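Here you go, one structure.
Computed from the coordinates by the stated procedures, all read-outs in this text should not be read as laboratory data. The structure presented is a predicted model; accordingly, all values stated were derived computationally and were not measured. For neighbour counting, all protein chains shown are included, and Cβ atoms are generated from backbone atoms with ideal geometry for every residue, glycine included.
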Amino acid sequence: MQFLQGKGENKDMIKELIILIVLILGSAFLYSQSRIQFVAKKPERFQPLSFAQADAKADSILAQMTIEEKIAYIGGDRSFFLRSIPRLNLDEVYMTDATQGVHIREKFRDNDLSRYQLEKSTAFPCPLALAATWNTTLANRYATAVGEECRGGGIGILLGPGMNNYRISQCGRNFEYFGEDPFLRSRIIEAYVKGVQSTGTVATLKHFIANNTEFYRRKSNSIIDERTLHEIYLPPFKAGIDAGAQAVMTSYNLLNSEWCGESDYVINNLLRKELGFKWLVMTDWWSVYDGEKVSRSGQDLEMPQTVALKDIQTLLKEGKVKIENINRMVKSILRTYYAMKLSNQKKNLPDNLMYKAHESVALQTAREGIVLLKNESNLLPLKKNIQKILLTGEYVDKLAKGGGSAEVKGFNHRLMLDELKAEFGRRLDYEKNPSIEQIKSADVVLCNVGTEDSEGWDRAFALPEDQEKRVLNCVNNNPNTVVIVTSGSGIRMTDWNNKARAILYAWYGGQIGNKALAEILSGRVNPSGKLPITIEKEFKDSPGYGYIPAGEVLYNNWNGNQEKAHPIYDVNYKEGVFVGYRWYESKKIEPLYPFGYGISYTNFHYSDLTVSKETINENDTLKVSLTVKNSGSQKGMEIVQVYIEDVESSVPRPIKELKAFKKVGLNNGETVMVQFELNKQAFAFWNPKIQDWYVEKGIFVIHVGAASNDIRLSKEIIIR
Ligand code: BGC
């Protein structure tokens, strides 16, 4: 009280102080209320039932099913449906592809699918472009948007994410996947799965496993050793499973001479026992052959209909198939059905506001996914005084996109021509096949090259001849040529890379990607993507080279008979764990552009690498921190990458492996402290002798850098 009995002035001051405190508390309260209201307004995120709850429901329905109903239930219906059994209130569930958005089908093999038709769906940049953003928050928003469109179409099961490994640049489906590194793939996939499933849509991890070529894909036999499987191929599936994925699709290929979709080792052992997957497993479309094996393998659902399981009644009578196995399959399908509350899925067409929001996620993905590979004497962004810009190329007046089940038409297509015209106006001219004179007289030439990759076949690493000619023509006749690559995978750039002054890798940008491209060319957006793949100089440099049987050639058609007639052939994963940069670094083969590489219009300076302890036990968590400064003249985003090197190892290990990364945004001049935590997994390798991950004691080096070939800071630690 003494405190309050001061002079008049003091009293006034105290009064003011009290008023101030009341005001601050009041506004803090109001602010918190508005936050609460804001949070409450957000759509509720879907919560699945627990395994035990779903299991109990599945049990009660299974008990009421006739044997005919059970047999019908383990095969798909009308190409894309889980079957309905009205007597038991089991509704049909529609499923469609895929990772980069909703594939709208009018019909499939004469089945009318129109009841589930969205009027339109957003064509997002391809998943490989999403991986090039290295932005897990964005991956989550992208997938949430895809899931929301599924809700709009009454689609219960999304047949994605596709997540096989980028082992060879020629694989026709690379655009659908997330690149070559298991750590980067895992982080993007877990964010993706959480996004899709937060909307109540099932995410399907596909294709399990080792499905890394489209060359006679039903006939390729992936020969892989155990350590390689565990270090390179399984971790992304594990990440998706741990993130809560409710379905897995097995693959077309064989693994070590057994078809994955009917392999006890692949499904029961690897997927269910080792990775702990408890939910729905489905086959890829027409990919299993032996009903007896399928029933014992841990597989649940044959898609798109029963083929291998067609004679299961007879097999049951003959005692070759057990009723317990059929019950197990049915129950597993039912569990996912109940956990994800898949009954009564209705078309609920989203309003245009939702499409608008989704388009902006697509745009942001393209902005952050386009990779600037080269920019000699800062030709980009194009300066205002550049008056004559010549645009040419293959995918200027049409969108470059990937084909097959993952194809998404999209709406409101932004063509490269239109977007660049809008950006540069009369300064820009377009010529599909410009003359030498036109090329020479331009201040800058923007030359697009690309490929349209597809499911069903692989494509050559080299560009088609006419495109190679066009780009050579440009770089040979104009030193200010910017090459814009639109492809779903790596392409051969060796003959023009040195002559091009700038190169932008723009992937398949989806319906609005060309807007992002225009923004990057003009400098309104600073590029921040980095390669999720290595781009080799020559295909023969790559770890997967030689996968095509001697004397055979690439093809590009859907000829099923040709595939049927083709013998099973072995794809020997002889490189073992040395995939992608792990291969190029250990073999000392210099790629054209390395993994993790991509430049910006600004510069970043790395300093002050510290670790929480220099000697740790294998179960300790190591804290790593450093300072990154934007030392250039404009704001930008940097992807800080942490690689671990095991200096002394009793088994051959890659020179280094990615174990952490962070994308940070910085204004020019701004500095940020970036922190990472590394646990046991970051230092371990898979040891087949003990069938587990294993950390070998000794010296490790923590490398921090801007790319796999651009390590800025390193520090040694010891594990004892
Ligand atoms: C593809 C799958 C796809 C399925 C259904 C298959 O050919 O390999 O990825 O989900 O078709 O469209």
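Please list, in order along region 548-555, the HN-Hα scalar couplings obtained from phi with the Karplus expression 6.51 cos²θ - 1.76 cosθ + 1.60 (θ = phi - 60°), rounded to whole Hz, x for Gly and Pro.
8, x, 3, x, 9, 10, 5, 9
Based on the alpha-carbon gyration tensor of region 55-107 and its eigenvalue square roots a ≥ b ≥ c, which shape applies: rounded if a/c is under 1.5, prolate if not and a/b is larger than b/c, or oblate?
prolate
Given labels modelled 7 Å from the Cα in the Cβ direction, how far is it in nm from Lys715 to Asn679?
Calculated label separation equals 2.1 nm.
For every other residue with a beta carbon closer than 14 angstrom to the beta carbon of Lys564, add +1 if it is Lys or Arg and -1 if Asp or Glu, then tell me the sum.
Net of charged neighbours comes to +2.
Place +1 on the Cβ of every Lys and Arg and -1 on the Cβ of every Asp and Glu in region 184-310, take the dipole about the Cα centre, and give the residue among Phe277, His230, Ser198 whose Cα lies farthest towards its positive end.
Value computed over the given set: Ser198.
Still on this model: Taking K and R as +1 and D and E as -1, what net charge do the other residues with C-beta under 13 Å from the C-beta of Glu119 add up to?
Computed value for this residue: 0.
Quick check: from the Cα gyration tensor, does region 498-650 come out rounded (a/c under 1.5), prolate or oblate?
oblate
Report, in debye and to the nearest 20, how large the dipole of region 579-720 comes out about its Cα centre when Lys and Arg carry +1 and Asp and Glu carry -1 on their Cβ.
Around 160 debye, computed over region 579-720.
Under a Cβ-Cβ limit of 4.7 Å, which cysteines in the chain have nobody to pair with?
Lacking a cysteine Cβ partner under 4.7 Å: Cys126, Cys150, Cys171, Cys260.
Expressed as a whole number of Å, what is the distance separating the alpha-carbon centroids of region 515-544 and region 47-118?
Answer, in whole Å: 40.
In region 46-203, if the dipole is taken from +1 on Lys/Arg beta carbons and -1 on Asp/Glu beta carbons about the Cα centre, which of Leu118, Met95, Ile189 is farthest to the positive end?
My answer, from the dipole projection, is Ile189.
Where does the charge balance sit around Thr314 when Lys and Arg score +1, Asp and Glu -1, over other residues with C-beta under 13 Å from its C-beta?
Here the count lands on 0.
Continuing with this model, one more query. Which three extents, in whole angstrom, do the alpha-carbon atoms of region 330-418 cover along their principal axes, largest first?
On the principal axes, region 330-418 reaches 66, 28, 23 Å in Cα extent.
In percent, how large is the relative contact order of region 648-719, given Cα pairs closer than 8 Å and 6 or more residues apart?
After rounding, I find 21 percent.
Can you check what the Kirkwood hydrodynamic radius comes to for the chain, Cα pairs only, in Å to one decimal?
27.3 Å is the Kirkwood radius here.
Rounded if a/c is under 1.5, else prolate if a/b beats b/c, else oblate: with a ≥ b ≥ c from the C-alpha gyration tensor eigenvalues square-rooted, which is region 331-377?
The shape class here is oblate.
Need the list of aspartates and glutamates near Lys662 for cross-linking: C-alpha distance under 14 angstrom, and skip anything on the same chain fewer than eight residues off.
Qualifying aspartates and glutamates at Cα under 14 Å: Glu368, Glu638, Glu677.
Here's another thing I want to ask about it. Over the chain, what relative contact order in percent results from Cα pairs under 8 Å that are six or more residues apart?
The value is 14 percent.
Let's see if you can work this out: charge +1 on each Lys and Arg Cβ, -1 on each Asp and Glu Cβ, no other charges. What is the dipole magnitude of region 337-376 about its Cα centre, in debye to the nearest 20?
280
In the chain, what percentage of the DSSP-assigned beta bridges are antiparallel, given to the nearest 5?
Close to 55 percent.
List the relative contact order of region 472-593 as a percent without decimals, with contacts defined as Cα pairs under 8 Å and 6+ residues apart.
24
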